[in-house]
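What follows is a single structure, written as C-alpha cells, with notes after it.
The values are calculated or read from the model by the stated rules, or taken from the named source; none is laboratory data. Predicted, not measured: the structure shown is a model, and the values here were computed from it. Cβ placement follows ideal geometry from the backbone for every residue including glycine, while neighbour counts extend to all protein chains displayed. Ligands, DNA and RNA are excluded from the accessible area calculation, which covers all protein heavy atoms including side chains. Shrake-Rupley method; radii C 1.70, N 1.55, O 1.52, S 1.80 Å.
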Amino acid sequence: VQLQASGGGLVQTGGSLRLTCAASGHAFRAYTMAWFRQPSRKEREFVAVVRPSGDGAYYSDSVKGRFTISRDKNRGYLQMFSLRPEDTAVYFCAAQLVGSYNDARSNARAYGYWGQGTQVTVSS
C-alpha cells in the first residue's frame, strides 16, 4: 500500500482546509487509518483515527470538535475547521494498525504504512 497526502497549504487563523490521503492497492480498505502531525522541531503527534468501516473515529483533545476524519474505499480525509497557529505542522497519513484499536490507535509506531507529509501553515 502506498499513501500520498495532499491538500496542505497556508491559511489564516479560523480558516479551513481539507487533507486527502490517496491510497494505492485494495488492502487499504481493510486497514485502520490515521492522521498524525509533526510541528517543526517537535515529536510526531497523533491527530485522528478511524476504523476500516469508517466508524469509531477518535481524536486528540487538541483537535476534537474542530477536525473530522473520514474515509472511503481508496482515500482518507481530514477536514479541518477553525484552524489555529498551533495546528501548523507537517501532516502525515498512516494505515495498517498493528495491535488493539483502543490500545494502539494513537501510537505512531503501531502503523505499518505512511505517506509523505503535507505542510499546513496557519498564520496569526
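Length available on full extension from GLU43 to ALA30: 0.36 nm per residue minus the Cα-Cα distance, which gives 1.9 nm. Computed from point charges on the beta carbon alone (+1 for Lys and Arg, -1 for Asp and Glu), the dipole magnitude for the chain about its Cα centre is near 140 Debye.
Other residues within the sphere of radius under 13 Å centred on the Cβ of GLY54, judged by their own Cβ, net out at +3 (K and R +1, D and E -1).
Scalar couplings 3J(HN,Hα) for segment 46-57, obtained by applying the Karplus form with A = 6.51, B = -1.76, C = 1.60 to θ = phi - 60°, are 6, 10, 7, 8, 8, 6, x, 6, x, 9, x, 4 Hz; x denotes Gly and Pro.
Backbone phi angles across segment 62-76, fed through the Karplus curve with coefficients 6.51, -1.76 and 1.60 (θ = phi - 60°), yield HN-Hα couplings of 6, 10, 4, x, 10, 10, 9, 9, 8, 7, 10, 5, 10, 9, x Hz in residue order; Gly and Pro are listed as x. For segment 65-101, the set of trypsin sites (Lys or Arg not before Pro) satisfying both a DSSP loop assignment and a count of at most 13 other C-beta atoms within 10 Å is given as LYS73.
Does the chain come out rounded, prolate or oblate by the C-alpha gyration tensor, with a ≥ b ≥ c the root eigenvalues, rounded set by a/c under 1.5 and, if not, prolate when a/b is larger than b/c and oblate if not? Don't skip to the answer; put the middle values down first.
On the way: a/c = 1.68, a/b = 1.54, b/c = 1.09.
Judged from the Cα gyration tensor, the chain comes out prolate (a/c at least 1.5, a/b above b/c).
Residues whose amide H lies under 5 Å from that of GLN2, counting only those 5 or more places away or on a different chain, are SER24; hydrogens are built 1.01 Å from N in the peptide plane. Once the gyration tensor of the Cα atoms in segment 42-98 is diagonalised, the equivalent ellipsoid follows with semi-axes of 20, 13, 11 Å, ordered largest first. Spin-label pair SER16-GLN4: with each label point 7 Å from Cα along the Cα-Cβ axis, the two points sit 2.6 nm from one another. In terms of the mean number of neighbouring beta-carbon atoms within 10 Å, the peptides 88-96, 12-20 order highest first as 88-96, 12-20. For the chain, relative contact order (Cα pairs under 8 Å, six or more residues apart, normalised by length) works out to 36 percent.
Could you check how much of the accessible area of the chain is carbon and sulfur, as a whole percent, using a 1.4 Å probe? Ligands and nucleic acids excluded, carbon and sulfur reach 45 percent.
Mean residue ellipticity at 222 nm, helices only, the chain: -500 deg cm²/dmol; runs of at least 4 DSSP H residues each add -39,500 (n - 2.57), and the sum is divided by the number of residues.
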